[in-house]
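Every number in this text was worked out from the coordinates using simple rules, so none of it is lab data. Quantities reported herein were computed from a predicted structural model and do not represent experimental measurements. Heads up, the Cβs are rebuilt from the backbone with ideal geometry, glycines too, and the neighbour counts pull from every protein chain shown.
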Amino acid sequence: MALPTIAFWILAAFTAVSTLFTVLTRNVVHSALGLAASLIGAAALFILFGAQFVGLAQILIYVGAVVILFMFGIMLTGTAVRPVVDNDQRPAAALVALAVFLVLAAGIVSSFGTKKVRFQVAFPTVQLGHQLFTTWVLPFEAVSILLLAALVGAIVLARRD
Amino acid sequence: MYVAAPLLLSAFMFSCGVYGVLARRHGVMLLMAVELLITSANLNLIVFSQLLKNSLGNIIALFIIAVTAAEVGIGIAIVMLLYRQRSTVAVDELHLMKW
């Protein structure tokens, strides 16, 4: 087996296990740490598939900002000790999740069962930046406004007055 | 390598996220499950970007990451507001508008 394929299977196992841990554990802080591990594994997979900039942005934004925000949410509400984690529809939820996975897997296998992907194209940051500021400059500005609006909205919601 | 392998991993992450959204009642953990859903979609975009040798998937994944950051900010603010007004973060106790 080629080296990228071995790396893929190791990273895929890591990501799958930490994802499962995230949704199954009953401790809120453990769940947040499992989410961080899962997102780091996904970022490593992004880099493996040639998306270096997206992988690093994933680590910076998700692991650096979003998971820390979750930690703030857990700590500031003081709910890490009280068991309000799950509701009483776990079996039904597991059934629905299994059905979703089976449908998706059947679709994937029947559509891409024999198709192969090679790790050969890397998307350099120069190319992405150039596209982002020429073709995609209008959506880029829209996302900037969206982030500003979300910032103002979060302050308005969480402000104590 | 078969392209179905990363796609199946992404489907597995998506199913875990679906389970989390349905089974969790802690507001912050619900948002974590939504993060898993979005990351699985991003993984699909990156894999297809590599398969089709087109950088469009990378661009869209970047936009999704930015929008997700905004979503989490608002979501955590709502959970904080909920905790301050009701002293709970259990989302199934919010049944004021339930018929």
Each residue of the stretch A:114-124 in turn: what ³J(HN,Hα) in whole Hz from Karplus with 6.51, -1.76, 1.60 and θ = phi - 60°, glycine and Pro shown as x?
10, 6, 10, 10, 10, 7, 10, 9, 10, 9, x
Once amide H atoms are built 1.01 Å from N in the peptide plane, which residues 5 or more positions from A:Val121, or in another chain, come under 5 Å H to H?
none
Relative to the Cα centre, what is the charge dipole magnitude of the stretch A:1-152, using +1 at the beta carbon of each Lys and Arg, -1 at the beta carbon of each Asp and Glu, and rounding to the nearest 20 debye?
320 debye
Report P(r) for the stretch B:5-59: all Cα-Cα distances, bin width 10 Å, range 0 to the bin holding the largest distance, values in whole percent.
28, 40, 24, 8, 0
Cα-based Debye curve of the stretch A:95-135 sampled at q = 0.15, 0.16, 0.26 Å⁻¹ gives log₁₀ I(q)/I(0) of -0.67, -0.69, -0.83
Hull surface over four for the Cα convex hull of the protein assembly as shown, reported in nm², is 15.0 nm²
With chain B treated as a Gaussian network of Cα nodes joined by springs under 10 Å, which of B:Val28, B:Val67, B:Val18 yields the largest mean-square fluctuation?
B:Val67
The rounded separation in angstrom of the Cα centers of the stretch A:4-40 and the stretch B:1-38 is 11 Å
Report, by chain and number, residues whose modeled amide H sits under 5 Å from the one on A:Asp86, excluding near sequence neighbours (fewer than 5 apart, same chain).
B:Arg25
Cα-centre dipole for chain B with unit charges at Cβ (Lys and Arg positive, Asp and Glu negative), debye to 20
100 debye
In chain B, with Lys and Arg counted as +1 and Asp and Glu as -1 at Cβ, which of these residues, B:Leu9, B:Val28, B:Ile65, has the Cα nearest the positive end of the dipole, that is, farthest along it?
B:Val28
Which trypsin sites (Lys or Arg not before Pro) does chain B hold that lie in a coil by DSSP with at most 15 other beta carbons within 10 Å?
B:Lys53, B:Lys98
Could you give the radius of gyration (one decimal) and Dmax (whole number) of the Cα atoms in chain B, in Å?
16.7, 53
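Okay, helix-only estimate at 222 nm for chain B: each DSSP H run of n ≥ 4 adds -39500 (n - 2.57), divide by all residues, round to 500 deg cm²/dmol; what do you get? Show your work: numbers first, answer last.
Values: 3 runs with 77 residues, N = 99.
Rounded to the nearest 500, the figure is -27500 deg cm²/dmol.
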Mean projected area (nm²) of the alpha-carbon convex hull when the stretch A:3-86 is viewed from all directions
5.4 nm²
Tell me the relative contact order for chain A as a rounded percent, counting alpha carbon contacts under 8 Å between residues six or more apart.
21 percent
